[in-house]
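Asker: Following this message is one structure expressed as structure tokens.
The values are calculated or read from the model by the stated rules, or taken from the named source; none is laboratory data. Note that the structure is predicted; figures quoted are calculated from it, not measured. With ideal geometry, Cβ positions are generated from the backbone for all residues, glycine too; neighbour counts draw on all protein chains shown.
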Amino acid sequence: MPDPVLLAQMLALLLVIGAAAGVLAGLLGVGGGIVLVPAFFYAFQTLGYDGPQLMQICLGTSLATIVVTSARSVTSHNRKGAVDREILKGWAPGIALGAIAGVALAASLRSSVLQGVFGVLGLSIGLYLGLGKPHWRLAPAMPRGFRRGVYAPGVGFLSVLMGIGGGSFGVPLMTLHGVPIHRAVATAAGFGMLIAVPGVAGFLLLSVDPATRPPFTLGAVNLPAFAVVIAMTLVTAPLGVRIAHAMDPTPLRRIFALFLLVVAGNMLRKALGF
């Protein structure tokens, strides 16, 4: 039986992480995974669980929460007719295949390598959030044919390696190809399901040394972290939405971009051994 004091400390940290992730998701419309993965990593590391597969546990647990949050989000958006079903249908096979490939690669990498991947990709997302302009365009319409065959698996693959849903890569990709922002956000929620479901299935089957994993971890998914974060985001996400409607989101988005750059940069620093 795990140490009750350690369990209490873990629960307290997870409550704070879940509350913060919910507020940020409601406030900025960002996926929880980009906050949860580094938060889980630092929390579990602080509690003494710093095994060679710690990042796999963080990725798997984050994706498990995304299954629930994306399902809730895409259902809500779909009721309002905001989901672009044509994009979702055309991109679904490639995204799912990319997610499966991402799990296969993540399972074979050391935790330090995954930290480095998260750091590099997180820096890229942070720079886009901070410097990107609404009028930027790569093309007037979403890619088809060969380009879609490259982009769709890429979205699934990179998202799984970061433990995130469809928003961080999917929304910029769609808006850069002329999809209105609200439609892009709604459709990216569907991307999240296509990424998270095969991702979680793979991480649940991953074998992790029981001596190095947090208590009550199944495969590479920590069940208490999953349950607490889902419960807390249900409570705090509406608060973030209310704050967003009361304030100008642009400076908040830039503040979050700076926060993400710091977090991703620290991940990269640790991966490089500094």
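Asker: Residue 100 - would you say it is at pLDDT below 95 and either out of contact with any Ser or Thr (no Cβ under 6 Å at 6 or more places or on another chain) or farther than 19 Å from residue 35 by Cβ (or both)?
Answerer: Working: at pLDDT below 95: no; either out of contact with any Ser or Thr (no Cβ under 6 Å at 6 or more places or on another chain) or farther than 19 Å from residue 35 by Cβ (or both): yes.
Spelling it out, it is not the case that residue 100 is at pLDDT below 95 and either out of contact with any Ser or Thr (no Cβ under 6 Å at 6 or more places or on another chain) or farther than 19 Å from residue 35 by Cβ (or both).
Each row is one residue, and each column tells you yes or no for (1) in a loop (DSSP other than H, G, I, E, B); (2) among the hydroxyl-bearing types (Ser, Thr, Tyr); (3) out of contact with any Leu (no Cβ under 9 Å at 6 or more places or on another chain).
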residue	(1), (2), (3)
194	no, no, no
197	no, no, no
201	no, no, yes
211	yes, no, yes
215	yes, no, no
224	no, no, no
239	no, no, no
269	no, no, yes
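Asker: Take the range 31-43 and flag every residue that is touching a Leu at 6+ places or on another chain (Cβ under 6 Å) and crowded, with 23+ Cβ neighbours inside 10 Å. Before you say what the answer is, go through the steps one by one.
Answerer: Restricting attention to the range 31-43, the residues satisfying the condition of being touching a Leu at 6+ places or on another chain (Cβ under 6 Å) are 35, 43.
Of everything in the range 31-43, just one residue is touching a Leu at 6+ places or on another chain (Cβ under 6 Å) and crowded, with 23+ Cβ neighbours inside 10 Å, namely 35.
Asker: Go over the candidates 6, 27 one by one and state the one that is over 20 Å from residue 71 (Cα atoms), out of contact with any Phe, Trp or Tyr (no Cβ under 7 Å at 6 or more places or on another chain), assigned to a helix (DSSP H, G or I) and modelled with pLDDT under 90.
Answerer: On the way: 27 fails: over 20 Å from residue 71 (Cα atoms).
Answer to the check: 6.
Asker: Look through the range 30-52, keep the residues that are closer than 13 Å to residue 163 by Cβ and assigned to a loop (DSSP other than H, G, I, E, B), and return whichever of them is modelled with the lowest pLDDT.
Answerer: 31
Asker: Right, here's the next one. Of the residues 196, 231, 220, 211, which is within 15 Å of residue 17 (Cβ to Cβ), of a type in the set (A, V, I, L, M) and in contact (Cβ under 8 Å) with a residue 40 or more places away in the chain? Working first, answer last.
Answerer: Numbers: 196 fails: within 15 Å of residue 17 (Cβ to Cβ); 220 fails: within 15 Å of residue 17 (Cβ to Cβ); 211 fails: within 15 Å of residue 17 (Cβ to Cβ).
Selected residue: 231, the only one of 196, 231, 220, 211 that is within 15 Å of residue 17 (Cβ to Cβ), of a type in the set (A, V, I, L, M) and in contact (Cβ under 8 Å) with a residue 40 or more places away in the chain.
Asker: If you don't mind, there's one more thing I want to ask. From the list 190, 202, exactly one residue is modelled with pLDDT of 85 or more, within 27 Å of residue 101 (Cα to Cα) and touching an Asp or Glu at 6+ places or on another chain (Cβ under 9 Å). Which is it? Walk me through it before giving the result.
Answerer: Working: 202 fails: touching an Asp or Glu at 6+ places or on another chain (Cβ under 9 Å).
The match here is 190.
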